[in-house]
1. With the condition kept exactly as written, say whether any residue in segment 83-96 is modelled with pLDDT of 95 or more, part of a loop (DSSP other than H, G, I, E, B) and surrounded by 16 or more Cβ atoms within 10 Å (Cβ to Cβ).
2. Taking the criterion of being surrounded by fewer than 22 Cβ atoms within 10 Å (Cβ to Cβ), modelled with pLDDT under 95 and farther than 16 Å from residue 300 by Cβ, would at least one residue in segment 62-79 satisfy it?
3. Within segment 244-265, take every residue that is in contact (Cβ under 8 Å) with a residue 60 or more places away in the chain and out of contact with any helix residue (DSSP H, G or I) (no Cβ under 8 Å at 6 or more places or on another chain) and give me the one that is surrounded by the most Cβ atoms within 10 Å (Cβ to Cβ).
4. So which of 206, 216, 192 is surrounded by fewer than 24 Cβ atoms within 10 Å (Cβ to Cβ) and assigned by TED's automatic domain parsing to the domain that holds residue 127?
5. In segment 227-243, which residues are touching a strand residue (DSSP E or B) at 6+ places or on another chain (Cβ under 6 Å) and either surrounded by fewer than 24 Cβ atoms within 10 Å (Cβ to Cβ) or modelled with pLDDT under 95 (or both)?
6. Which is within 17 Å of residue 88 (Cα to Cα), outside any loop (DSSP other than H, G, I, E, B), in the same structural domain as residue 94 (by TED's automatic domain parsing) and within 23 Å of the chain's Cα centre (by Cα), of 271, 266?
7. Kindly indicate whether residue 101 is buried (at least 20 other Cβ atoms within 10 Å of the Cβ) and either in a helix (DSSP H, G or I) or at pLDDT 95 or above (or both).
């Protein structure tokens, strides 16, 4: 039988046998990819509508990014920050310009960028704002997802992410997302930062009320508090603008960036802020051996240059309208709600129909890859290189799944 000749079942079992079970992946084993499409070990092709949780905004193996990586691999890959290398200045200068900020601090993973933001905000609070030693607090939102370090899960409200990892790091106040009054009530004289996702990705692509981010910005300015925007998933073109904050006319004091910054090739993250904020750090107070390494900088500089053209932001905005129009047409036909912006959508499936996991498995069987979250919700975040025809194909496959 054909099924007996497939490599996927054995490959899945082998992977499960030798790894800790901290993920529950779909049973697909990908061996190659290009653009918006991936191919498994049995030669089956799938339309990738997850894009590495926005790490693959420019698609798989974007030729400009691959060329930059190849060229740098032949020259220099790592020096550590003990020395300066010839790719560092261009990356930092061009990313700072894209963000409209003075300085950039490169790291590797998104969680490292968040940890860096927390440390910088606290140090700024003590040295600039004058908060008494050890008294700084940071206000965060329910439903947040900022990473999985012990400090970050300390203020998570997701029990799967948080439970049994205590004792928890103090210094955080959690308020409902989108509630300005609750936020204002939590900020006091010892608050150094408000840390928020402009759109909550892991929670199901939750977009706050239109007055929320402007209200946060005004409150932070009035109370002398840093507004720290975690744009690791929402930034770098995903929502139809360079940053999701832009769409509300808001400029935070600090951007936390990651995922797409590495072009889907290497892990790259960064914190961007003005000199009066990032300037509080001095040599020896924070660092990373691999942060800002030559290979990462070579790739990420090309990512910044792709974004500087505005092409990908426009694609996300225009094709996002097509995606959301198609998805809204499925409300009442198996979907109960659609949220999002640009090429980013959270879909709530009627729980009486099926779970999000079941929907993703059935989509996979029809050649489309997506991922579930929180029960009956699935997320779509295709590469920004996707075509209109491919969007229509994904929506059609979803419609077929919902129709049974």
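1. yes
2. No, every residue in segment 62-79 fails to be surrounded by fewer than 22 Cβ atoms within 10 Å (Cβ to Cβ), modelled with pLDDT under 95 and farther than 16 Å from residue 300 by Cβ.
3. 244
4. On inspection, the qualifying residue turns out to be 206.
5. If the condition is that a residue be touching a strand residue (DSSP E or B) at 6+ places or on another chain (Cβ under 6 Å) and either surrounded by fewer than 24 Cβ atoms within 10 Å (Cβ to Cβ) or modelled with pLDDT under 95 (or both), then 227 is the only one that fits.
6. So the residue among 271, 266 that is within 17 Å of residue 88 (Cα to Cα), outside any loop (DSSP other than H, G, I, E, B), in the same structural domain as residue 94 (by TED's automatic domain parsing) and within 23 Å of the chain's Cα centre (by Cα) is 271.
7. Answer is yes for this residue.
The rows are residues; the columns are (1) closer than 21 Å to residue 225 by Cβ; (2) at pLDDT below 95; (3) in contact with a strand residue (DSSP E or B) (Cβ under 9 Å, 6 or more places away or on another chain); (4) not in a strand (DSSP E or B).
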position: 106; (1), (2), (3), (4): no, no, yes, no
position: 116; (1), (2), (3), (4): yes, no, yes, yes
position: 127; (1), (2), (3), (4): yes, no, no, yes
position: 152; (1), (2), (3), (4): yes, no, no, yes
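The values are calculated or read from the model by the stated rules, or taken from the named source; none is laboratory data. Computed from a predicted model, the values in this text were never measured in an experiment. As a convention, Cβ positions derive from the backbone with ideal geometry for all residues, glycine included, and neighbour counts pool all protein chains shown.
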